[in-house]
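The values are calculated or read from the model by the stated rules, or taken from the named source; none is laboratory data. Treat the numbers as computed from the prediction; the structure is a model and nothing was measured. Glycine gets a Cβ as well: all are built from the backbone with ideal geometry, and neighbour counts include every protein chain shown. Just the protein is used for accessible areas: all its heavy atoms, side chains included, with ligands, DNA and RNA removed. Shrake-Rupley method; radii C 1.70, N 1.55, O 1.52, S 1.80 Å.
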Amino acid sequence: MHTGDAGDVRDHLLGWLVPDGDPVGSLAQQDVERFCWYELPVKWAAEPAEYPHILTALAELLEDVDRPRAAAVCTSAATRAILDAWQRSPDEGRAAFRRAVDASPVTPPDTVLLVWGPVMGIAGAVARSNASRMLEQALDDGVLVPSARGYHTARTRHLDRWLTTPHPAHDGRAPLDAIHSERRREWAEAPPAARRRLRSRLTNLFATAPEVPGDAVEPLRWLLESVGDGVALTQAGYLPRALVVEAAERYDWYLPGMVPRTEYDVPRLVELHQLARTARLLVKRHRKLSLTARGRRHLADPALLQATAAQAWFGDGVRAEFAEAGAAALLGGEHTLDALTSAVHDLATEAFTHADGSTPQPDDTRHVLWQWLLPGEALGFLSYRDLRRSTIALTPTGRAAVLTALRARAHAPRSTPWA
């Protein structure tokens, strides 16, 4: 377009930004940012030399309706830098655009309650747009002040309150409930058919959060409390022998009448130690193992400890998918290892292939399944009927952990339309 006539530029802007004839004042700052940082360089038929004139015209339109914060976006140094990045290459432009959106005070941040994610359904997109408008209003009203001490914490708390308050856009439900309901439905509908059949049987079980048992994750709690301010590891990096012996006696984790020499002799303790390190609850510095600040927070919050342990138990990727199938089977009652492998293998053969395109074999399924079963036993989530380990069952704390992990997976953000 040519920018010789200021009136034409304003008309073009109005037709683009408020095509239904709404007032300019109805534009959210997020709409202005998207135009300046993406639509102008990518979708408008304008030369870079025309950008300043176009942006000045938009800033004047916004100033006329008393929107100085949004107007400032148009003429900011950040906008000029993003437009320059688009001129260098599309990749640089997209990266600069994403960084600027992430840094914007009207972009809803991730919180403990909700991680937004790159792929959203209708409920998620509506909630995110409304959350952005809510943050903008809080900035305009002085409820949130970016330069104030504690601003980021106040912003997160403000958003969490909004997420858990009923909103007319979601038929009176809280935005968080609407997003979670949508995510559960999308999670249950993900292909292939084997996954869809499996998940459709599970979603009603965790529509509400399971109650956390009083003795949840007792073995992990014991390990964290035992390590406390720190224990000296052996030269080989294992837990001290006194702690190993205590674990073996406390949980009957070793052969009757015998005493283990090292942590390596007690596989369930190895699993527990590794999980605690992976979850960043314990940290090793030189030859000393000690609680992290995160670990201390978890010890003070049984529900948080339960959730973290459950999610670490399931892991991610293929292992988590197999864990879903194994959990679904065990929620229905105890299984032999062969029966459990068979139930999980139905999913494996339909949902996965090896790198060479071949179909997984039962032994492949059993191998991955064991990676889930071993830490589950160490955490006290699984039990066996007898010493021969003829059948596997969920303990009461294991059932709660399974529901917690499945719920977290169903409510997690999506990076692809089907996940």
Point to revise | Electrostatic dipole magnitude of the chain [Cβ: Lys, Arg +1; Asp, Glu -1; Cα centre; debye, to 20] | key: 1640 debye
Study note, to complete from the structure: With the convex hull built on the alpha-carbon atoms of region 40-100, volume per residue in Å³ sits at 80 Å³
Point to revise | Extension gain, His354 back to Leu304 (0.36 nm per residue minus Cα-Cα distance, nm) | key: 14.4 nm
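Which percent of the accessible area of region 202-257 is formed by carbon and sulfur heavy atoms (probe 1.4 angstrom)?
48 percent
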Review point. To the nearest 0.05, how large is the calculated FRET efficiency for Ser415 and Ala45 if R₀ is 30 Å and r is the Cβ-Cβ distance?
Key: 0.35
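Per residue, how much accessible surface does region 49-202 expose to a 1.4 Å probe? Answer in Å², no decimals.
52 Å²
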Exercise for review: Any chance you could tell me what percent of the C-alpha pair distances in region 237-345 go past 22 Å?
Suggested key: 50 percent
Exercise for review: Run the quick spin-label model on Glu92 and Asp229: label points 7 Å from Cα toward the beta carbon, then report their separation in nm to one decimal.
Suggested key: 5.4 nm
Check your understanding: What FRET efficiency, computed as 1/(1 + (r/R0)^6) with R0 = 35 Å and r the Cβ-Cβ distance, is obtained for Arg173 and Asp141, rounded to the nearest 0.05?
Key -> 0.90
Revision key, fill the gap. Dividing the helical contributions, -39500 (n - 2.57) per DSSP H run of n ≥ 4, by the residues of the chain yields a 222 nm value, nearest 500 deg cm²/dmol, of -18000 deg cm²/dmol
Check your understanding: Roughly speaking, to the nearest percent, how much of region 324-419's 1.4 Å accessible area is carbon and sulfur?
Key -> 54 percent
**Study point:** Projected area averaged over orientations for region 1-135, convex hull of C-alpha atoms, nm²
**Key:** 8.7 nm²
Exercise for review: List the chymotrypsin sites (Phe, Trp or Tyr not before Pro) within region 334-419 that fall in a DSSP loop (any state other than H, G, I, E or B) and whose Cβ has at most 13 other Cβ atoms within 10 Å.
Suggested key: Trp418
Check your understanding: How long is the gain from Met258 to Trp16 if the chain were fully straight, where each residue apart is worth 0.36 nm and the alpha carbon distance is subtracted?
Key -> 79.3 nm
Review point. If you take the Cα Rg of the chain and divide it by 2.2 N^0.38 Å, with N the number of residues, what do you get?
Key: 1.25
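Taking all protein chains as present, what is the carbon and sulfur share of the accessible area of region 1-94, in % to the nearest whole number, probe 1.4 Å?
Answer for region 1-94: carbon and sulfur cover 51 percent of the accessible area.
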Revision key, fill the gap. The Cα extents of region 106-231 along the principal axes, largest first and rounded to whole Å, are 49, 49, 25
Check your understanding: What number comes out for the charge environment of Leu163, summing +1 per Lys or Arg and -1 per Asp or Glu over other residues with Cβ under 13 Å away?
Key -> +2
Study note, to complete from the structure: Square roots of five times the C-alpha gyration tensor eigenvalues of region 329-375, ordered largest first and given in whole Å, equal 21, 12, 8
Study note, to complete from the structure: Of all trypsin sites (Lys or Arg not before Pro) in region 366-419, the ones in DSSP coil with at most 16 other Cβ atoms within 10 Å are Arg385, Arg388, Arg389
Practice item. Of the options Gly333, Ala323, Tyr384, report the single residue whose Cα projects farthest towards the positive end of the charge dipole of region 319-384 (beta-carbon charges: Lys, Arg +1; Asp, Glu -1). Key: Tyr384
